[in-house]
Ligand SMILES: [Zn+2]
């Protein structure tokens, strides 16, 4: 068993400007990676929860290397933000949850978090479509129509993908007009998080 320790969240500016970097300096990244195969129990310092901070939703890739959590690598206290995760952290797939979070919950701010070495940069949509058609998941079930209608939202340029998803959300007719929307990149090698917009 090991224990993660974090700096007090009061030491981390919650709204840094574009280009700035968040370092959760006491986050022992190498320890996390070296114990990846061991049973672990993660305990975090218990911060008093700021209910106002629950106006934040983090949209993140599902990649398990975003440790200890998408909200925490953005410097947010444990339990303070809603989180939506999918392959690539893409806004087009997350829009259903975001509309629910704004209309039925309390979300007014969205932080888009993509990351280095993302699997979505390693293939193209047509590659995955071709793979599925060549080796259908259910051999006797036709899948051509289903495959052609599904976008996998792969991308080439990491920074541009963040900018695109921020723009998508700002322009989406079902996202609240006064929403704060920002874009971030998490480096899976260094544990640093950088704001890009
Ligand atoms: Zn990813």
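The values are calculated or read from the model by the stated rules, or taken from the named source; none is laboratory data. Quick caveat, the model's predicted, so the values are computed rather than measured. Positions of Cβ are generated from backbone atoms using ideal geometry, with glycine treated the same way; all protein chains shown enter the neighbour counts.
Of the helices (runs of 4 or more DSSP H) lying entirely inside region 87-197, the ones with 1 or more residues being away from the ligand (no atom under 13 Å from the Cβ) and in contact (Cβ under 8 Å) with a residue 40 or more places away in the chain are found at 91-103, 158-171. Report yes if residue 47 is over 19 Å from residue 21 (Cα atoms), crowded, with 19+ Cβ neighbours inside 10 Å and either away from the ligand (no atom under 16 Å from the Cβ) or at pLDDT below 95 (or both), otherwise no. For residue 47, the condition - over 19 Å from residue 21 (Cα atoms), crowded, with 19+ Cβ neighbours inside 10 Å and either away from the ligand (no atom under 16 Å from the Cβ) or at pLDDT below 95 (or both) - is not met. Selection of region 72-86 for residues being part of a helix (DSSP H, G or I) and farther than 20 Å from residue 163 by Cα yields only 72.
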